[in-house]
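Quick notes on the structure that follows.
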Amino acid sequence: KESNTFLPKEKPPTPAENSLDDGILLVSPAHPSTHPPPKRKKTTKNMDSFPWEDYQHLPPGPVLFLSKLIDHACDNQILSVCSNWRSHVPFGIADPPNGWLSHKVEEITCFPPHVSYSDYLAEQPDQSASVSTLWNWAFHTDSTSLGTLSNSEAFAVLFLLTFLIRAIKKKFLPIFSAYGRQLGRKAHGPSWEKTNEERIQKFGEYVYRLHFHSMISLYGVWYFWGKEWWDPSKGGTTHLFAGFPYSHQVEPGMAWYYLVQAAYNLDALITIMEISFVFQLRSPIVLPGKESASLKLQSPLSVDWSPTCRGDFQEMFVHHIITNILIIASSYLHFTRIGSMVFLVHDLSDVPIDISKLANFVKWKKTTIVSFITLLITWIVTRLVIFPFYIYRSVLFETHLVLLTKEALAGTGVTVLQYYCYKFIFVVLIGALLVLHVVWFFLLVRILLLLALKGETQDLSEHKNGEKDHLEGMSTPSESNGKKEQ
């Protein structure tokens with residue numbers, strides 16, 4: 001059993017708590033009249049003695065999530081005709097009380113309200129809209145609407161930050177690349193510059209990444225230093241879920257940390273699409289001629305692999321997709337604490353990655369070796385120790401604490417259906433990140449073996465001479481024939 005030192009002391013049961021003994025559960029069924037609550041024997045009010053046996057009839061989390069998605073799609077004006085979709089599902093799959101699709105997962109309504117800018121002004125009638133009040137609302141007020149990406153104000157700020165990041169990259173990447181050109185020319189002579197133009201451009205990209213990861217890591221260490229969910233002596237990761245969501249105020253520092261991270265990762269997803277694919281518009285009609293003997297229709301958008309596609313495109317693309325889904329889901333469900341932990345361990349290990357890539361791009365062998373060893377140590381500590389055994393362990397074994405709050409036990413907090421529905425999302429997605437960490441670790445080991453046995457410092461995640469086969473393996477023969485030689 002989990003420690004309950006963080007929970008309030010036992011107290012006489014309230015009427016709401018007494019109602020638990022009458023069979024009132026935390027489930028929100030789709031058809032209340034046909035879903036009789038399961039009966040159980042009276043138990044003590046020990047909050048750690050949660051009656052899990054009463055919910056063994058519930059379907060797995062993925063099924064509940066599927067049911068939730070269908071309900072969400074059907075509960076709108078456009079598709080309102082299918083609001084009673086369960087009655088049309090065959091084989092009794094959606095028939096109450098035990099059909100797997102018969103349970104309706106209600107929206108979580110127990111979140112504390114977030115203060116919008118208009119609400120902030122309404123609470124202070126002596127102040128009007130101004131730069132000063134906007135600043136105080138955005139940077140000095142807890143739990144504003146900027147703390148969750150599910151509202152228009154936060155989405156607008158996210159859009160502006162993404163646009164700002166792309167503008168900064170457009171301004172500084174040429175400057176950073178020019179600096180890499182000077183370093184390469186000084187270290188290897190003018191001839192090196194002529195045959196390494198792509199390497200020079202990537203040097204500028206990794207200088208930018210190094211600046212971002214260094215600054216966001218320093219801020220993260222400073223801001224989260226002493227936070228109780230990072231300190232095992234104060235309860236550690238139990239604070240990720242204990243008291244959720246009532247005691248989880250989103251401070252301005254956390255809200256902006258999340259917004260900046262979300263904007264950076266959104267830009268990273270857009271960038272990997274830009275450097276990996278070539279998009280071309282073409283006529284949807286092919287007239288008879290050399291290419292076709294008859295009239296044909298084709299897609300108006302042509303998509304081909306780009307010569308600048310990364311060597312680990314599949315892994316990076318999956319990583320960015322998972323990361324952006326986790327950002328949206330954790331923000332929407334108010335799990336910003338655990339989201340911030342995932343951000344920080346990735347940023348800390350990204351710094352030596354950027355340094356080692358920069359050193360390798362300009363062929364500084366000694367610097368590459370030192371930075372690579374630092375990278376391996378940091379990777380193991382952050383992504384193979386802290387991430388699985390501190391963060392992921394909490395997701396697997398401590399998320400049930402959201403059901404042990406006084407509000408949840410009284411039926412006004414997170415319900416069991418909501419718990420099962422949303423837990424599996426984080427279990428699967430964070431688990432997928434862990435798998436990618438292991439895959440990349442073996443890639444790092446391969447690089448280490450090349451370094452130790454052959455003295456080569458080849459980066460297997462970037463395209464260069466000898467990696468054209470990887471691109472050809474991702475595309476059809478006809479697509480590969482049209483690619484530019486690396």
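The values are calculated or read from the model by the stated rules, or taken from the named source; none is laboratory data. Worth saying up front: this structure is predicted, and the values here are computed from it rather than measured. No Cβ is skipped: glycine too gets one built from the backbone with ideal geometry, and neighbour counts run over all protein chains shown. Note: areas computed on protein heavy atoms with side chains; ligands, DNA, RNA excluded. Shrake-Rupley method; radii C 1.70, N 1.55, O 1.52, S 1.80 Å.
Odds and ends about this structure:
- When the range 132-150 is limited to residues that are touching a residue at least 24 places away in the same chain (Cβ under 8 Å), open to solvent by less than 50 Å² (accessible area, probe 1.4 Å) and among the polar types (S, T, N, Q), the one that is nearest to Tyr258 (Cα to Cα) turns out to be Thr148.
- Contacts under 9 angstrom Cβ, first residue in the range 299-310 being in contact (Cβ under 8 Å) with a residue 40 or more places away in the chain and surrounded by 11 or more Cβ atoms within 10 Å (Cβ to Cβ), partner of a type in the set (Lys, Arg) and not in a loop (DSSP other than H, G, I, E, B), 6 or more apart: Thr308/Lys202
- At least 3 residues being among the hydrophobic types (A, V, I, L, M, F, W, C) is the threshold, and among the helices (runs of 4 or more DSSP H) wholly inside the range 110-197 those reaching it are 131-140, 152-188.
- Qualifying residue in the range 335-355 (condition: in a loop (DSSP other than H, G, I, E, B), modelled with pLDDT of 90 or more and under 30 Å from Ala242 (Cα atoms)): yes
- When the range 415-440 is filtered for residues that are under 29 Å from Leu348 (Cα atoms) and open to solvent by 40 Å² or more (accessible area, probe 1.4 Å), the ones remaining, listed by number, are Lys423, Phe424, Val428, Val435, Val438, Val439.
- Conditions (1) within 23 Å of Asp347 (Cβ to Cβ); (2) hydrophobic (A, V, I, L, M, F, W, C); (3) within 19 Å of the chain's Cα centre (by Cα); (4) assigned to a helix (DSSP H, G or I): number failed by Phe203: (3)
- Condition met for Pro37 (assigned to a loop (DSSP other than H, G, I, E, B), more than 30 Å from Gln249 (Cβ to Cβ), open to solvent by 50 Å² or more (accessible area, probe 1.4 Å) and modelled with pLDDT under 50): yes
- Residue among Ser330, Ser283 that is out of contact with any strand residue (DSSP E or B) (no Cβ under 9 Å at 6 or more places or on another chain), in a loop (DSSP other than H, G, I, E, B) and of a type in the set (Ser, Thr, Tyr): Ser283
- Unique match (being farther than 22 Å from Arg181 by Cβ, open to solvent by 40 Å² or more (accessible area, probe 1.4 Å) and hydrophobic (A, V, I, L, M, F, W, C)) among Leu240, Leu218: Leu218
- Considering the conditions (1) open to solvent by less than 10 Å² (accessible area, probe 1.4 Å); (2) out of contact with any His (no Cβ under 8 Å at 6 or more places or on another chain); (3) of a type outside the set (Phe, Trp, Tyr), Glu315 is excluded by exactly one of them, (1).
- Candidates Ile377, Ile338: the one that is open to solvent by 50 Å² or more (accessible area, probe 1.4 Å), under 30 Å from Lys227 (Cα atoms) and not small (Gly, Ala, Ser) is Ile377.
- In summary, His248 fulfils each of the numbered conditions (1) more than 26 Å from Val427 (Cα to Cα); (2) of a type outside the set (S, T, N, Q); (3) crowded, with 18+ Cβ neighbours inside 10 Å with the single exception of condition (1).
- Within the range 151-170, residues that are free of Cβ contacts under 8 Å to residues at least 24 places away in the same chain reach partners that are surrounded by 15 or more Cβ atoms within 10 Å (Cβ to Cβ) with beta carbons closer than 7 Å, at six or more positions or on different chains, in the pairs Phe155/Leu149.
- Hits in the range 101-122 - residues which are farther than 28 Å from Ala73 by Cα and small (Gly, Ala, Ser): Ser118, Ala122
- All positions within the range 196-246 that are among the hydroxyl-bearing types (Ser, Thr, Tyr), over 23 Å from Ala167 (Cα atoms) and in contact (Cβ under 8 Å) with a residue 60 or more places away in the chain: Thr237, Thr238, Tyr246
Yes/no per residue for (1) at pLDDT 90 or above; (2) aliphatic (A, V, I, L, M); (3) surrounded by fewer than 20 Cβ atoms within 10 Å (Cβ to Cβ):
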position: Asn360; (1), (2), (3): no, no, no
position: Lys365; (1), (2), (3): no, no, yes
position: Phe372; (1), (2), (3): no, no, no
position: Leu384; (1), (2), (3): yes, yes, yes
position: Tyr390; (1), (2), (3): yes, no, yes
position: Ser394; (1), (2), (3): yes, no, no
position: Thr405; (1), (2), (3): no, no, no
position: Gly413; (1), (2), (3): no, no, no
